[in-house]
Amino acid sequence: MKVNIAACITEPGSSERNKTGGWRVFRPVINNERCIDCGSCWIFCPDASITREENGEYKVNLDFCKGCGICANECPSEAIEMVLEEK
Amino acid sequence: MPHKDVMHGSRAVAEAVKLCGVEVVAAYPITPQTHIVEDIAEMVANGELKAEYIMVESEHSAMSACIGASATGARVFTATASQGLALMHEVLWIASGMRLPIVMVNANRALSAPINIWNDQSDSIAERDSGWIQIYVETNQEALDSVIQAYRIAEDREVLLPVMVCMDGFVLTHTVEPVEVPDEEQVKRYLPELHLPHVLDPEQPVTMGSLGDPNYYMEFRKQQELAMENALRVAMQADEEFKEIFGRGYGLIEEYNLENAEIVLVTMGSLAGTIKETLDALGDDGVGLLRIRLFRPFPKEAVRRALSRAKVVNVIEKDVSIGFGEGALMTELKSVLYGSGIKVLGTVAGLGGRDITIAHIREAIERAKRALHGESVEEIAWAGLKEEAL
């Protein structure tokens, strides 16, 4: 691969191709039964790894979630559990 | 029409900045650079120079603002000295790594402690590995001309590196000399409009200064090294074309009385003037001077060629690598001349503004003569050192 001078990236949004979820140790699992749709997990996620679906349910994008656990910590209804990643 | 005037070195630099149509200036005042940025501020306030003048709270911010402005494709300028340059250290690497053609004048001044506002070259020598091109000038005229040349070199597509024009603080900045100020049209002819390959533009978003992980970091560094190699050729061309248009040229190195010289003094900056006076008074064609004007990239081949007839070299410089016992230029000369059989001596002189007199230069020549005649001499001497004060 030829690199641009000064590491300049000329294609906007190309960072999406760089999947950064690989170093996760714990994975957030959302229990939608307990979810009160407050949006705290979506707001506090330091990446943009939580999305709100059309049906009002929240989903984790595991391609980018690094398992920091902030969503689980912030959830007021304890609807998110951090589960150890095992192969 | 070009016009001749007498002016301080600082004023000569400000005139060059105006002639180059610099668009953004971000600077913080520090002795002995202050007059440069004061004069430019006045030009901007008077409407003589249509530039954005950014007041900042430190040199770190000055260079950071220059980086941001340069990334938008503007022609930018700043100036500093000593502690100010040291405070910029971190950001100097970002400017060069991002390949931004910023031009900065450094009014060479000693570093603290002990606090000292006078001239030596330790400040810019300490930044030799920061990826900046470095030019050391001898006169106020050369300071003006080198700023114009600096933009031409920095902005060349084959180079795209920042340039530091180093001029001795007080010795040049505060000294009045006759200076020819070129005509604006001449400068326009010499210096094309700036067009960078990538600029910050909301219409065409780019990421600048992104992550370079271990897979590619080395390649970016190698690109900088290749750009430095190109800069040797580009700087030479820039100087030749400058001579065609303005009638003055300097070369990458200056050879003075070298034709038959077995003894050669080597130096950078304004000290060359004192050495030339000494050599002229001496009238000995066995002793010459080599002035290194371009220190980064180092013109190794040109230096080897210039010293091909030399037997003993004495490097007189205003810096010292504490713990290595000699100045950086001497170390580099030894490296460049490795295997040539030329004996390299060093003279540490003028630290913190100590006068370098004709007597000191004669001593340096005498020591080299003794070495030439096979006597054993001190490899390194500190000129005018007060032994009793140690």
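The values are calculated or read from the model by the stated rules, or taken from the named source; none is laboratory data. This is a predicted model, so every value here is computed, not measured. Counting neighbours? That spans all protein chains shown, and the Cβs are built from the backbone with ideal geometry, glycine included.
Name the one entry in B:A41, B:A27, B:A51 that is of a type outside the set (V, I, T), modelled with pLDDT of 95 or more, out of contact with any helix residue (DSSP H, G or I) (no Cβ under 7 Å at 6 or more places or on another chain) and in the same structural domain as B:K188 (by TED's automatic domain parsing).
Details: B:A27 fails: out of contact with any helix residue (DSSP H, G or I) (no Cβ under 7 Å at 6 or more places or on another chain); B:A51 fails: out of contact with any helix residue (DSSP H, G or I) (no Cβ under 7 Å at 6 or more places or on another chain).
On inspection, the qualifying residue turns out to be B:A41.
What are the residues in the stretch B:8-52 that are β-branched (V, I, T), assigned to a loop (DSSP other than H, G, I, E, B) and closer than 13 Å to B:A107 by Cα, if any?
Going residue by residue through the stretch B:8-52, those that are β-branched (V, I, T) are B:13, B:17, B:22, B:24-25, B:30-31, B:34, B:36-37, B:40, B:44.
In the following step, the residues that additionally are assigned to a loop (DSSP other than H, G, I, E, B) were identified as B:22, B:30-31.
B:I30, B:T31 - these are the residues of the stretch B:8-52 that are β-branched (V, I, T), assigned to a loop (DSSP other than H, G, I, E, B) and closer than 13 Å to B:A107 by Cα.
Among the residues of the stretch A:34-76, write down those that are among the charged types (D, E, K, R) and free of Cβ contacts under 8 Å to residues at least 40 places away in the same chain. Let's see the steps before the verdict.
Initially, the stretch A:34-76 is screened for residues among the charged types (D, E, K, R), giving A:34, A:37, A:47, A:52-54, A:57, A:59, A:63, A:66, A:74.
Answer for the stretch A:34-76, where residues must be among the charged types (D, E, K, R) and free of Cβ contacts under 8 Å to residues at least 40 places away in the same chain: A:D37, A:D47, A:R52, A:E53, A:E54, A:E57, A:K59, A:E74.
I want to confirm something. Restricting to the stretch B:55-81 and keeping residues that are under 18 Å from B:Y136 (Cα atoms) and either touching a residue at least 60 places away in the same chain (Cβ under 8 Å) or surrounded by fewer than 24 Cβ atoms within 10 Å (Cβ to Cβ) (or both), which single residue is farthest from the other protein chains (Cβ to nearest Cβ)? I'd like the intermediate steps shown before the answer.
Taking the stretch B:55-81 as the starting set, the residues that turn out to be under 18 Å from B:Y136 (Cα atoms) are B:77-81.
Still in the list and also either touching a residue at least 60 places away in the same chain (Cβ under 8 Å) or surrounded by fewer than 24 Cβ atoms within 10 Å (Cβ to Cβ) (or both): B:77, B:79, B:81.
On the way: B:F77: 20, B:A79: 24, B:A81: 27 Å.
Per the stated criteria, the residue is B:A81.
Applying the selection to the stretch B:91-119, what residues are outside any loop (DSSP other than H, G, I, E, B) and small (G, A, S)? Spell out how you get there, then give the answer.
So the first thing to find is which residues in the stretch B:91-119 are outside any loop (DSSP other than H, G, I, E, B), and the list is B:91-97, B:103-108.
Of everything in the stretch B:91-119, those that are outside any loop (DSSP other than H, G, I, E, B) and small (G, A, S) turn out to be B:A95, B:S96, B:G97, B:A107.
In this structure, does B:L258 turn out to be surrounded by 16 or more Cβ atoms within 10 Å (Cβ to Cβ), more than 30 Å from B:A95 (Cβ to Cβ), of a type outside the set (S, T, Y) and touching a residue at least 40 places away in the same chain (Cβ under 8 Å)? Spell out the reasoning first.
On the way: surrounded by 16 or more Cβ atoms within 10 Å (Cβ to Cβ): yes; more than 30 Å from B:A95 (Cβ to Cβ): yes; of a type outside the set (S, T, Y): yes; touching a residue at least 40 places away in the same chain (Cβ under 8 Å): yes.
Yes; evaluated as a whole, the condition is true for this residue.
Could you tell me how many of the residues in the stretch B:93-128 are within 14 Å of another protein chain (Cβ to nearest Cβ), on the phi < 0 side of the Ramachandran plot and not aromatic (F, W, Y)? Walk me through it before giving the result.
Residues of the stretch B:93-128 that are within 14 Å of another protein chain (Cβ to nearest Cβ), as a first pass: B:93-102.
When the remaining residues are screened for being on the phi < 0 side of the Ramachandran plot, the result is B:93-98, B:100-102.
Subset that is not aromatic (F, W, Y): B:94-98, B:100-102.
Here the count works out to 8.
Output the residues belonging to the stretch B:316-360 that are closer than 12 Å to B:A383 by Cβ, part of a strand (DSSP E or B) and within 19 Å of the chain's Cα centre (by Cα).
Result: B:I316, B:E317, B:V348.
How about the stretch B:296-349: which of its residues are of a type in the set (S, T, Y) and under 22 Å from B:N119 (Cα atoms)? Spell out the reasoning first.
Step one: filter the stretch B:296-349 for residues of a type in the set (S, T, Y), giving B:308, B:321, B:331, B:335, B:338, B:340, B:347.
If the condition is that a residue be of a type in the set (S, T, Y) and under 22 Å from B:N119 (Cα atoms), then B:S321, B:T331, B:T347 are the ones that fit.
So which residues in the stretch B:190-208 are of a type outside the set (F, W, Y) and more than 7 Å from every other protein chain (Cβ to nearest Cβ)? Quick ask: steps written out before the conclusion?
Of the residues in the stretch B:190-208, the ones of a type outside the set (F, W, Y) are B:191-208.
Matches in the stretch B:190-208: B:L191, B:P192, B:E193, B:L194, B:H195, B:L196, B:V199, B:L200, B:D201, B:P202, B:E203, B:Q204.
Give the residues of the stretch B:211-229 that are within 29 Å of the chain's Cα centre (by Cα) and either charged (D, E, K, R) or facing chain A (nearest Cβ under 10 Å) (or both), sorted by residue number.
So in the stretch B:211-229, the residues within 29 Å of the chain's Cα centre (by Cα) come out as B:217-229.
B:Y217, B:E219, B:F220, B:R221, B:K222, B:Q223, B:Q224, B:E225, B:A227, B:E229 - these are the residues of the stretch B:211-229 that are within 29 Å of the chain's Cα centre (by Cα) and either charged (D, E, K, R) or facing chain A (nearest Cβ under 10 Å) (or both).
Residue by residue through the stretch B:208-248, note down the ones that are hydrophobic (A, V, I, L, M, F, W, C) and touching a residue at least 24 places away in the same chain (Cβ under 8 Å).
Within the stretch B:208-248, B:M208, B:F220, B:A227, B:M228, B:A231, B:L232, B:V234, B:A235, B:A238, B:F242, B:I245, B:F246 meet the criteria.
For the stretch B:238-254, give me the residue count where each residue is surrounded by 13 or more Cβ atoms within 10 Å (Cβ to Cβ) and closer than 20 Å to B:D156 by Cα. Can you show your working first?
Filtering the stretch B:238-254 for residues surrounded by 13 or more Cβ atoms within 10 Å (Cβ to Cβ) gives B:238-239, B:241-243, B:245-246, B:248-254.
With closer than 20 Å to B:D156 by Cα added as a condition, the list becomes B:238-239, B:241-243, B:245-246, B:249-252.
Final tally of qualifying residues: 11.
Quick one: would you say A:N55 is at pLDDT below 95, surrounded by 10 or more Cβ atoms within 10 Å (Cβ to Cβ) and over 28 Å from B:G212 (Cα atoms)? Let's see the steps before the verdict.
On the way: at pLDDT below 95: yes; surrounded by 10 or more Cβ atoms within 10 Å (Cβ to Cβ): no; over 28 Å from B:G212 (Cα atoms): yes.
Taking the combined requirement at face value, the residue does not satisfy it.
Determine if the stretch A:49-58 includes at least one residue that is within 14 Å of another protein chain (Cβ to nearest Cβ) and under 17 Å from the mean Cα position of the chain (by Cα).
The first filter runs over the stretch A:49-58 and keeps only residues within 14 Å of another protein chain (Cβ to nearest Cβ), leaving none.
Looking through the stretch A:49-58, none of the residues is within 14 Å of another protein chain (Cβ to nearest Cβ) and under 17 Å from the mean Cα position of the chain (by Cα).
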